[in-house]
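Data first, discussion second: the structure below is written as structure tokens.
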Amino acid sequence: MPCLHPHHPSHNFKDLKFPIGRSHIQEIVINLRPATIADLNLLQYWDSQPHVIASNPNDKWDWEVELHHKSEGREQLIAEINGRPIGFIEITDPARDDSNYWGDVAVNLRAIDIWIGSETDLGKGYGTKMQLALSRCFTDPLVIAVLVDPLASNSRAHRFYERLGFQFVEQRWFGNDDCFVYRLNRADWHHNF
């Protein structure tokens with residue numbers, strides 16, 4: 001029987017396959033593409049789902065307006081697996097965002113908002129994979145940190161962001177929403193990813 005120790009000189013990992021049952025583990029590959037008006041019905045449907053409403057109960061998106069409104073301080077994306085839409089990501093430059101959602105903030109930050117659209121796609125690791133949006137944020141070498149603002153009551157989201165290296169900053173009200181603000185600094189992102 002061949003030696004399977006990774007440091008053995010005759011070992012070649014690329015030839016090993018580890019089947020589970022009759023199938024092999026497949027890596028989940030998420031693609032991000034710009035959200036367009038063609039996504040209107042999908043986004044309206046997702047926005048009506050109980051788990052999405054629970055994560056953002058006081059924010060009503062007018063998707064027809066949102067999808068037509070282009071802003072230098074905002075990027076709206078659809079996350080897909082094999083061409084199947086699974087979620088929505090919004091990346092904003094909070095200092096330049098014309099909605100002024102974050103108020104007065106430092107320059108060289110980004111903020112992200114992530115949703116999994118269908119409840120059947122929750123708990124499958126897709127949210128973690130969708131964090132490739134962090135790479136997109138940090139592509140700009142001037143960006144020093146990324147912010148998120150889950151509801152204060154959403155302990156599942158808190159654990160999720162903490163696992164990714166985000167640090168709690170403050171509890172803050174955004175309109176009628178009591179939120180926790182988390183921050184991921186560039187140095188921590190490089191360390192964790």
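Numbers for the structure displayed
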| quantity | calculated |
| --- | --- |
| Gain in span if fully extended, ARG84 to VAL105, counting 0.36 nm per residue against the direct Cα distance | 4.0 nm |
| Sorted largest first, extent of region 64-183 alpha carbons per principal axis (Å) | 38, 32, 31 |
| Derived scalar couplings ³J(HN,Hα) [region 175-186; Karplus, 6.51 cos²θ - 1.76 cosθ + 1.60; whole Hz; x for Gly, Pro] | x, 8, 9, 7, 10, 9, 9, 10, 9, 10, 7, 3 |
| In sequence order, calculated HN-Hα J values of region 110-116 (Karplus, 6.51, -1.76, 1.60; Hz; x Gly/Pro) | 10, 10, 10, 10, 10, 10, 9 |
| Gained length - PHE168 relative to SER153, 0.36 nm times residue gap less alpha-carbon distance | 4.0 nm |
| Förster radius 22 Å - calculated FRET efficiency between ALA95 and VAL65, Cβ distance, rounded to 0.05 | 0.45 |
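Every read-out reported here was derived from the displayed coordinates using simple, explicitly stated rules and does not represent laboratory data. As the structure is a computational prediction, the values presented were derived from the model and not from experiment. So basically every Cβ, Gly included, is an ideal-geometry build from the backbone, and we count neighbours across all protein chains shown.
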